[in-house]
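Notes for the one structure printed next.
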Amino acid sequence: MSVKNLNELFVHTLKDVYYAERQLLKALPKMARKARSSPLRQLFEEHEAETREQIERLKQVFQLAGERAGGETCPAIEGILEEADELMDEIDDADTLDAAMIGAAQAAEHYEIARYGTLVAWAESLGMQEAVDVLRRTLAEEKDADAKLTRLAEDQLNERAR
Ligand SMILES: [Fe+2]
């Protein structure tokens, strides 16, 4: 890979997050299935639907950048999801697993928040206002999903796991 300027870096990062979203879309149904808490299952299911939309939005941004939508392997999200998978295999107690899956989901959310935050800033620098708007919507959604996970953990699931 050779990245020569901000525009290319933007597209490269777009591919990275596109890959990450698609991996996440594959992982979420399993997490939903494994959740004991029904509000947690519901959050995972909701986020699966949101993720589908976020992938569509990324396709829009590719188009705005004059590029074909495509992914580039993102080792960061693979590591995060691998860890989540390990936890799901290793933890037998359902309440403990719920707490663990919230932690894992938040690691993924925070990764995405970092990526989308950077993409928004770069799109601004590049004068791509439409892309800024589209990416901001997703960034807000990710932050919201993260806040909902925090609330559920703190209001109920950490206590139950303890
Ligand atoms: Fe996402």
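Alpha carbon centre of region 1-38 versus region 39-101: separation in Å?
Distance between centres, Cα-based: 7 Å.
Net charge near residue 113, counting Lys/Arg +1 and Asp/Glu -1 over other residues with Cβ under 11 Å of its Cβ?
Around residue 113, the charge tally is -4.
Distance in nm between label sites at residue 52 and residue 136, each 7 Å beyond Cα in the beta-carbon direction?
Each label point is offset 7 Å from its Cα along the Cβ direction, giving 2.7 nm.
Given a 10 angstrom Cα cut-off, can you work out which residue in 48, 141, 124 is the most mobile in a GNM of the chain?
Of 48, 141, 124, the Gaussian network model singles out 124 as fluctuating most.
Using packing as a proxy for protection, rank 96-103, 77-84 so that the peptide with the highest average count of other Cβ atoms within 10 Å comes first.
Ranking, from highest mean packing down: 96-103, 77-84.
Which lysines have a Cα lying under 20 Å from the Cα of residue 4, excluding residues fewer than 8 positions away in the same chain?
15
At 1.4 Å probe radius, can you tell me the per residue accessible area of the chain in Å²?
For the chain, the per-residue accessible area is 52 Å².
Local charge sum around residue 77 (other residues, Cβ-Cβ under 10 Å, Lys/Arg +1, Asp/Glu -1)?
Local net charge: -3.
What residues of region 111-139 lie in the reach of a label at residue 69, counting those whose backbone N is under 11 Å from a point 7 Å from the Cα along Cα→Cβ?
none
What is the local net charge at residue 97, summed over the other residues whose Cβ is closer than 13 Å to its Cβ (Lys, Arg +1; Asp, Glu -1)?
-2
What is the spin-label model distance, in nm, from residue 4 to residue 160 if the labels are put 7 Å beyond Cα along the C-beta direction?
The answer from the label model is 5.6 nm.
What's the angle, to the nearest 10 degrees (0 to 90), between helix 6-34's Cα axis and the longest principal axis of the chain?
Value to nearest ten degrees: 20.
Pairs of alpha-carbon atoms within less than 8 angstrom and 6+ residues apart define the contacts here; what relative contact order does the chain have, in percent?
29
In nm, to one decimal, how far is the residue 151 label point from the residue 86 one, both placed 7 Å along Cα→Cβ?
3.2
Using only DSSP helix segments of four residues or longer, with each worth -39500 (n - 2.57), what per-residue ellipticity at 222 nm results for the chain after dividing by its residue count and rounding to 500?
-28500 deg cm²/dmol
Provide, in order from the shortest bin, the percent of all Cα-Cα pairs of region 73-137 in each 10 Å bin, continuing until the bin that contains the maximum pair distance.
Calculated over all Cα pairs of region 73-137, the distribution is 20, 35, 24, 15, 6, 0 percent.
The values are calculated or read from the model by the stated rules, or taken from the named source; none is laboratory data. This one's a predicted model, so the numbers in the text were calculated from it and none came from an experiment. Backbone-built Cβ (ideal geometry, glycine too); neighbour counts: all protein chains shown. Note: accessible area is taken over every heavy atom of the protein model, side chains too, but ligands, DNA and RNA are not part of it. Shrake-Rupley method; radii C 1.70, N 1.55, O 1.52, S 1.80 Å.
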